[in-house]
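The values are calculated or read from the model by the stated rules, or taken from the named source; none is laboratory data. This structure is a prediction, so every number in the text was calculated from the model and none was measured. When we count neighbours, we look across all protein chains shown, and the Cβ atoms used for this are built from the backbone with ideal geometry, even at glycine. To get the accessible areas, we keep the full protein, side chains included, count just its heavy atoms, and leave off ligands, DNA and RNA. Shrake-Rupley method; radii C 1.70, N 1.55, O 1.52, S 1.80 Å.
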Amino acid sequence: EAASPYGESPGEAMPQSESDRLLAQAFAELRDEAFDEAVAFLTEETEQAVADRFTDESPSSSAERERHADAQLSSVRFEAGQYLETLEQALAGQDLESLSEEQLSETLDRFDPQTGEMTPAGEEFIGAIVRKAKKVVKFVANTAKTVGKVAGKLLGPVLQRLKKLINPLLKRVLSMAIGRLPAALHPAARTLAAKITSEALEHEGTYEASTPTNLVHVETLAESFDAALAEAITGEATGGYSGEYEEPEYESEYESAEDGRALEHLAQAPGALVDRIR
């Protein structure tokens, strides 16, 4: 299980500043296993939609696959943006600090979006974003009481940051969905993975294997998302956040933005080699 970047480890000193303490608290509050699962489900559904639409692995279909995957995710992107805009506008003039936890929950529940026409994975992802936004609002409201600030002034920039984080997250979902190994090659890949794992265990004692259908660690992607959001909350509360936004790359140990389709090109290589030999 991946260690939290803000977790406590043997010999590690506890955060010294109030900012560090608040950052660790915000990150712990935002982490949600259900969100990780929603991102994984959305990736799998997008991958399946592309696989059903395109059966060939020719290089000429790469752009079409990407456009199809993007279209598959467009409704999710739109619904998430609409919900967060509505929530931000509705809460802008409210005195959140005076509400009890139950009253705040009832207020937030009134803005839950209707997602009946979305795909199952899209609906689950929007539900995860709604839960994430509610956690943000409640955390900001509680934090505002302790730091002596008005929650409404803190909340707007944080919800805007959450909205801006959605698109790069979905870009990584798209990259993961179209860059995975084709289903026809899964059996051979599993055999190879088992052999590599066995050899690694013999020589090194430890090895974290990745299956052909999960070559990018979704939990790492989700943790990066939560870490960026926690930094926005902490920065607004302590006055250290400039409001400038830089799109995160969500890099992982398995792939980078530049070579995310390496497996796709690998799948195409045997056919290209045969054509050249012929």
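Here are the numbers for the structure shown:
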quantity	calculated
Neighbours by Cβ (under 7 Å, 6+ apart or cross-chain): first from the stretch 28-40, within 13 Å of residue 220 (Cβ to Cβ) and in contact (Cβ under 8 Å) with a residue 40 or more places away in the chain; second of a type in the set (Asp, Glu) and part of a helix (DSSP H, G or I)	31/226; 36/219
Candidates 30, 84 - the one that is open to solvent by less than 90 Å² (accessible area, probe 1.4 Å), touching a Phe, Trp or Tyr at 6+ places or on another chain (Cβ under 9 Å) and at pLDDT 90 or above	30
Residues that are of a type in the set (Lys, Arg) and over 23 Å from residue 171 (Cβ atoms), drawn from the stretch 74-113	110
Those residues of the stretch 87-109 which are open to solvent by 70 Å² or more (accessible area, probe 1.4 Å) and part of a helix (DSSP H, G or I), in sequence order	89, 98, 101, 102, 103, 106, 109
Qualifying residue in the stretch 126-139 (condition: modelled with pLDDT of 70 or more, within 22 Å of residue 33 (Cα to Cα), assigned to a loop (DSSP other than H, G, I, E, B) and touching a helix residue (DSSP H, G or I) at 6+ places or on another chain (Cβ under 8 Å))	no
Verdict on residue 172 being touching a residue at least 40 places away in the same chain (Cβ under 8 Å), crowded, with 16+ Cβ neighbours inside 10 Å, among the basic types (Lys, Arg) and over 20 Å from residue 36 (Cα atoms)	no
